[in-house]
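This report concerns only the one structure given below.
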Amino acid sequence: EIVSRDWSSDVCSSDLHETALDPAPLGERLLSIFEHVFIVNLEFRTDRRREMEEQLGLIGLSLEHPRITLFPAVRPEDPEPWPSIGARGCFMSHLLILREAKAMGLGSVLILEDDLDWSRSFLSGGAAMLDCLEGTSWAFVHGGYEDTGSEGAGSGSAGLNPVLPETGLQMTHFIGLNGIIAPVEAYLTAMTERPAGDPQGGPMHVDGAYSWFRKDTPDARAWIFEPAIGVQRASRTDIADPKWFDRVPVLSAIVGLLRRLKNARAGRR
C-alpha cells in the first residue's frame with residue numbers, strides 16, 4: 001500500500017564510477033525488475049527496428065526474447081482530435097500496450113520507443129543504477145526526461161531522483177510502470193472519450209497524459225534517472241510532419257548518414 005507522505009527529498013545515489021567491463025548482463029538485470037518490455041515500432045521503420053536490435057544486443061538481449069515484444073505502432077489515417085497523426089498514433093500505441101499488459105496480468109512493464117539508445121552512463125554503471133530502482137518504492141520511472149519548466153524534476157544528484165507530482169515531463173522513450181497499469185490504462189481511455197481541451201483532460205501527447213495522471217495521483221511515486229539511462233538517437237521523426245529534407249530521397253539519405261555520424265560522435269551507438 002502506498003502511503004501519502006512528503007518524499008520529495010528522497011534520493012538513491014549510484015556509484016557511476018563502478019564500471020561494468022561487460023554490459024551484456026544488464027539485459028537480464030533489467031528483466032529482473034520489469035516483467036515485460038514492449039518496444040513501439042512502426043512496421044515500415046525497419047531502420048529503427050535494426051537499430052533497436054543493435055541496442056538490445058549491447059545488453060545481452062534480442063527481439064527474440066520471450067519477454068520482449070516489438071509492438072506494431074498505430075498509424076491512424078487522420079489526427080482528429082489529437083494535434084497530429086503522430087501524436088494520436090503514439091498515444092494509442094501506449095494505450096494498447098497498457099491494455100495488453102493488463103490482459104497479461106503484468107505487475108510491471110517497461111515501454112521503449114524504437115529510437116532509444118542506451119546512455120554511456122548506463123552501459124558503464126547500469127548495475128548500480130538498477131540497484132537503486134529495485135530498492136525503491138516506485139510506480140513510475142523515467143529513463144530520461146525534458147523538464148517543462150516546473151519545479152521538482154529531480155535533485156540533480158547522480159542516481160535515482162524523485163519527480164514531484166505536479167512536474168510535467170516530456171519524452172516517452174523509456175517509461176516504466178509498476179502496480180499502476182490498470183489505473184493508467186483507465187485514465188488514458190477516459191481521455192480518448194473527451195473532446196480536445198477538456199478541463200479534465202482530453203486527447204493530447206502521451207507524455208502529457210502521463211504527467212496529468214501523476215498530478216492527479218500524487219501517491220504514485222515517480223522517479224527519474226540522472227544522468228539518463230537512455231537517450232533518443234537522432235532519427236527522422238514520425239510524430240510530426242517530416243522535414244522537407246526527409247521528403248527528398250537523395251537528401252534524406254545524406255541526412256540519414258549525418259545523423260548516424262552524430263550518434264556515433266555522441267557515443268550513443
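Under the condition of being free of Cβ contacts under 8 Å to residues at least 60 places away in the same chain and closer than 22 Å to Arg99 by Cβ, which residue from segment 29-55 is nearest to the chain's Cα centre (by Cα)?
Here the answer is Leu31.
Out of curiosity, is Leu98 open to solvent by less than 40 Å² (accessible area, probe 1.4 Å) and over 23 Å from Phe140 (Cβ atoms)?
The answer is no for Leu98.
For segment 25-61, enumerate the residues that are under 15 Å from Glu113 (Cα atoms) and of a type in the set (Ser, Thr, Tyr).
Thr46
Within segment 63-79, is there a residue that is more than 23 Å from Ile181 (Cα to Cα), in a helix (DSSP H, G or I) and either open to solvent by 10 Å² or more (accessible area, probe 1.4 Å) or touching a residue at least 60 places away in the same chain (Cβ under 8 Å) (or both)?
No: segment 63-79 contains no residue that is more than 23 Å from Ile181 (Cα to Cα), in a helix (DSSP H, G or I) and either open to solvent by 10 Å² or more (accessible area, probe 1.4 Å) or touching a residue at least 60 places away in the same chain (Cβ under 8 Å) (or both).
Counting only residues that are at pLDDT 95 or above and open to solvent by less than 40 Å² (accessible area, probe 1.4 Å), give me the helices (runs of 4 or more DSSP H) lying completely in segment 148-251 with at least 1 of them. First the steps, then the outcome.
Working: elements: 181-192, 206-216, 244-247.
Ranges flagged: 181-192, 206-216.
Cβ-Cβ below 6 Å, separation at least six or inter-chain, first residue in segment 183-208 and touching a residue at least 24 places away in the same chain (Cβ under 8 Å) and closer than 18 Å to Val141 by Cα, second part of a helix (DSSP H, G or I) and open to solvent by 30 Å² or more (accessible area, probe 1.4 Å): which pairs?
Correct list of pairs: Glu185/Arg99; Glu185/Lys102.
Being modelled with pLDDT of 95 or more and touching an Asp or Glu at 6+ places or on another chain (Cβ under 6 Å) is the filter; apply it to segment 60-98 and report the residue that is nearest to Tyr210 (Cα to Cα).
Step by step, filter segment 60-98, then rank; the result is Leu98.
I'd like the full set of residues that are touching a helix residue (DSSP H, G or I) at 6+ places or on another chain (Cβ under 8 Å) and surrounded by 23 or more Cβ atoms within 10 Å (Cβ to Cβ), limited to segment 119-139.
Phe122, Gly126, Met129
The values are calculated or read from the model by the stated rules, or taken from the named source; none is laboratory data. Please read all numbers here as calculations on a predicted model, not as lab measurements. Please note: Cβ atoms are built from the backbone with ideal geometry, for glycine as well, and neighbour counts cover all protein chains shown. Side chains are part of the model used for accessible areas, which takes the heavy atoms of the whole protein and leaves out ligands, DNA and RNA. Shrake-Rupley method; radii C 1.70, N 1.55, O 1.52, S 1.80 Å.
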